[in-house]
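A.B. asks: Attaching a single structure in structure tokens format; questions to follow.
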Amino acid sequence: MAKKSAHVRSIRDVLRIHPEGVDLAKVDPAAAPVGPTTKAEAAKDLEAIGVELDRLQENLYAEGVGGGRRRVLVVLQGMDTSGKGGTISHVAGLMNPQGLRVVSFKKPTRAELSHDFLWRIRRQVPGPGLIGFFDRSHYEDVLVPRVDKLVPPSTWRARYRQINDFEAELAESGVTILKCFLHISPERQKERLVARLRTPEKLWKYNPSDLAVRAKWSLYQQAYADLLVTCSTDVAPWFAVPSDRKWYRNWAVAQLLLRTMRDLAPTYPEPAYDPAVELARLTEADPLR
């Protein structure tokens with residue numbers, strides 16, 4: 001048990017992106033730098049995490065109903081097949097869907113493009129008491145435009161500051177932000193793309209354009225490295241989660257969320273009525289008696 005506690009205490013320090021920079025080529029996507037080292041161990045630990053997360057989520061939801069403004073936003077970014085949807089399924093699935101808001105950001109619509117790039121993001125921020133999950137996010141607007149040269153460098157560079165200001169604004173309004181970069185290797189991505197093409201039930205996940213994006217792997221890795229460092233702040237740090245092994249990825253994100261919820265320590269709000277009085281009314285003057 002002591003070993004397990006040490007794991008829990010250190011995961012954020014181990015996975016956090018620091019301002020001095022990161023070389024993604026030296027970050028092993030198949031590693032298990034902290035926590036369980038086997039799939040069975042991770043599955044068992046995930047069950048325990050789920051029990052505690054469910055309780056803390058209920059507290060946060062009740063707090064929101066009672067007028068509290070706090071909420072949590074989990075941002076998931078990563079290359080195709082890194083497992084953003086799978087992570088949401090396994091981590092969000094541990095909790096009551098009533099207290100969740102899950103949003104998947106696709107290519108911007110014409111209407112969305114007519115606004116500032118943060119416009120569609122602001123509209124999807126979870127409300128008080130909720131835990132939100134973003135499958136892709138505002139970071140797409142400093143990745144795709146840069147790699148595909150859709151805008152001049154001055155435009156996407158300026159978005160770093162805009163994003164940092166936006167996230168600071170969210171934090172000030174009661175949003176706790178947890179950002180996870182799901183880091184996979186090109187070898188693992190190829191395996192998963194091949195599996196999609198060989199599995200009828202997964203064909204819908206494949207898009208021929210996936211190969212065009214894959215061909216720009218090194219460009220995306222550099223773009224990710226820059227945004228991870230530039231936008232890893234005290235109020236909204238980035239964590240690089242090794243994601244070649246799905247079971248480790250799911251455990252790590254769940255553990256990071258658990259630590260976030262523990263720090264928030266949400267509690268049930270005090271009732272605006274006297275429970276003893278209401279109990280007496282129900283037992284002694286029940287209108288249906």
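The values are calculated or read from the model by the stated rules, or taken from the named source; none is laboratory data. Here the structure is a predicted model, which means the values were calculated and not measured. Here the Cβ is made from the backbone with ideal geometry for all residues, glycine too, and neighbour counts use every protein chain on show. With ligands, DNA and RNA removed, areas are computed over all heavy atoms of the protein, side chains included. Shrake-Rupley method; radii C 1.70, N 1.55, O 1.52, S 1.80 Å.
A.B. asks: Within region 108-157, which helices (runs of 4 or more DSSP H) (wholly inside it) include 1 or more residues that are modelled with pLDDT under 95?
C.D. replies: 110-113
A.B. asks: Could you list, in sequence order, all residues of region 48-87 that are within 19 Å of the chain's Cα centre (by Cα), acidic (Asp, Glu) and not in a loop (DSSP other than H, G, I, E, B)?
C.D. replies: GLU52, ASP54, GLU58
A.B. asks: Among (1) assigned to a loop (DSSP other than H, G, I, E, B); (2) at pLDDT below 95, where does PRO29 come up short?
C.D. replies: (2)
A.B. asks: Within region 166-193, which residues are out of contact with any strand residue (DSSP E or B) (no Cβ under 7 Å at 6 or more places or on another chain) and open to solvent by less than 50 Å² (accessible area, probe 1.4 Å)?
C.D. replies: PHE166, ALA168, SER173, SER185, PRO186, GLN189, ARG192, LEU193
A.B. asks: Only one residue in ALA92, ALA62, ALA111 is among the aliphatic types (A, V, I, L, M) and closer than 30 Å to GLU187 by Cα. Which one?
C.D. replies: Residue meeting the stated conditions: ALA92.
A.B. asks: Quick one: how many residues across region 16-28 are surrounded by 14 or more Cβ atoms within 10 Å (Cβ to Cβ) and touching a helix residue (DSSP H, G or I) at 6+ places or on another chain (Cβ under 7 Å)?
C.D. replies: Within region 16-28, residues that are surrounded by 14 or more Cβ atoms within 10 Å (Cβ to Cβ) and touching a helix residue (DSSP H, G or I) at 6+ places or on another chain (Cβ under 7 Å) number 3.
A.B. asks: Open to solvent by 20 Å² or more (accessible area, probe 1.4 Å), closer than 27 Å to GLY64 by Cβ and among the acidic types (Asp, Glu), is that true of ASP141?
C.D. replies: no
A.B. asks: Which of the residues that make up region 212-242 are in contact (Cβ under 8 Å) with a residue 12 or more places away in the chain, open to solvent by 50 Å² or more (accessible area, probe 1.4 Å), assigned to a helix (DSSP H, G or I) and more than 14 Å from TYR139 (Cβ to Cβ)?
C.D. replies: Passing the criteria: ARG214, LEU219.
A.B. asks: Show the residue pairs that are 6+ apart or on different chains and have beta-carbon atoms under 8 Å apart, the first residue being within region 39-57 and farther than 20 Å from VAL74 by Cβ, the second being of a type in the set (D, E, K, R) and open to solvent by 50 Å² or more (accessible area, probe 1.4 Å).
C.D. replies: Listed by first residue and then by second, the contacts come to LYS39/ARG245.
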